[in-house]
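A.B. asks: Got a structure for you, questions after.
The values are calculated or read from the model by the stated rules, or taken from the named source; none is laboratory data. Since this is a predicted model, take the numbers as computed values, not measurements. We place every Cβ from the backbone using ideal geometry, glycine too, and count neighbours over all the protein chains shown.
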C-alpha cells in the first residue's frame, strides 16, 4: 500500500471504515496503481478480500503486491484472499471441454447470454460471514468492471450487478466495495461513460487519476482528484469540490504533493 495515499484518505490499518463504495477511474493515464494500493491495504488491515481480476493475471498482481510488502499466494492459502482470474476463467469457458466446469464457472453468463447472477453468487459466497471468522470486514475489489461491456454485457445488467454487490457487501455484510472503471471520456465509448457516471452517483468516494494537460513530465506523472461524501450528504456530485494532488509513481511507492510543489519544480 502507499502510506501517503492512506494519509490523504484518512485511512489506517488499525481501524477500517465499513459500508463504503469507492470508485476508481482515470483519464488520459493509467489508474491501476490505485487498485494495487487498495488490494494491499485491505490485506494488511486484516480484511477478507474477494478480488475479481478481469484484465491481468494473478502473477501480475502478485509481483506488484510483493513490492508493496504483501504475499498474495500466502493470503490465498490462508483463506484471506479469494481471487477470480477472469482471463483464465474466460479461456476455460471458451476452450474447455468439461460441461460441468462451464456451469460452475462464475463467468458462464458470457457464453449463455444470461444475467450476471453466477458472478454475483460467487462474490456473495466468497464474502459471506462464517463461524469463527477472524477477518475485520469483507471487501470486494473489481478490476476493471468495464471490461464486461466489451464482452457484450449490457450496461443495465452490469449496473444491476453492481447494485446487488453494494447491497450485499456494503449493507448486509457491512463491508466495502472498490471498483475500477478505465478511461471512458477519451475513448468515446458511450456505454462505458454511462457506467462511470452511474457508479459515480452511487459512490461515497471517487478517486480519479488524470494525465497532465501539459503532457508527459518525468517528475510529475499525473494528478489525483478525490471526491468525498456526495451520496451520504445528499448533494449532487457536481457540487462537490475535489481535493487535487499531483503524484509521481516510483518502484515501491507513490509520492503525492500539492499542485506546483514538486521538488523538481521548486
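A.B. asks: List the helices (runs of 4 or more DSSP H) that sit entirely inside the stretch 53-131 and contain at least 2 residues that are buried (at least 20 other Cβ atoms within 10 Å of the Cβ), on the phi < 0 side of the Ramachandran plot and at pLDDT 85 or above.
C.D. replies: Values: elements: 58-67, 72-77, 86-95, 99-104, 109-112, 117-127.
Answer list for the stretch 53-131: 58-67, 72-77, 86-95, 117-127.
A.B. asks: Same structure again: How many residues are in contact with a helix residue (DSSP H, G or I) (Cβ under 8 Å, 6 or more places away or on another chain) and more than 13 Å from residue 165 (Cβ to Cβ) when one looks only at the stretch 126-143?
C.D. replies: Qualifying residue count for the region: 1.
A.B. asks: Let me ask another. Which one is farthest from residue 171 (Cα to Cα) among residues in the stretch 1-19 that are buried (at least 20 other Cβ atoms within 10 Å of the Cβ) and touching a strand residue (DSSP E or B) at 6+ places or on another chain (Cβ under 7 Å)?
C.D. replies: 2
A.B. asks: Would you confirm whether any residue within the stretch 146-153 is part of a loop (DSSP other than H, G, I, E, B) and in contact with a helix residue (DSSP H, G or I) (Cβ under 6 Å, 6 or more places away or on another chain)? Step through it out loud before you land on a result.
C.D. replies: Of the stretch 146-153, the ones part of a loop (DSSP other than H, G, I, E, B) are 146, 151-153.
The next check asks that each one be in contact with a helix residue (DSSP H, G or I) (Cβ under 6 Å, 6 or more places away or on another chain); those that pass are 146, 151.
For the stretch 146-153, residues part of a loop (DSSP other than H, G, I, E, B) and in contact with a helix residue (DSSP H, G or I) (Cβ under 6 Å, 6 or more places away or on another chain): present.
A.B. asks: Okay, moving on. Hey, can you tell me all the residues within the stretch 110-125 that are touching a helix residue (DSSP H, G or I) at 6+ places or on another chain (Cβ under 6 Å) and within 14 Å of residue 156 (Cα to Cα)?
C.D. replies: Answer for the stretch 110-125, where residues must be touching a helix residue (DSSP H, G or I) at 6+ places or on another chain (Cβ under 6 Å) and within 14 Å of residue 156 (Cα to Cα): 115, 116.
A.B. asks: Can you tell me which condition residue 37 does not meet? The list is (1) more than 17 Å from residue 249 (Cα to Cα); (2) touching a helix residue (DSSP H, G or I) at 6+ places or on another chain (Cβ under 7 Å), and all the others hold.
C.D. replies: (1)
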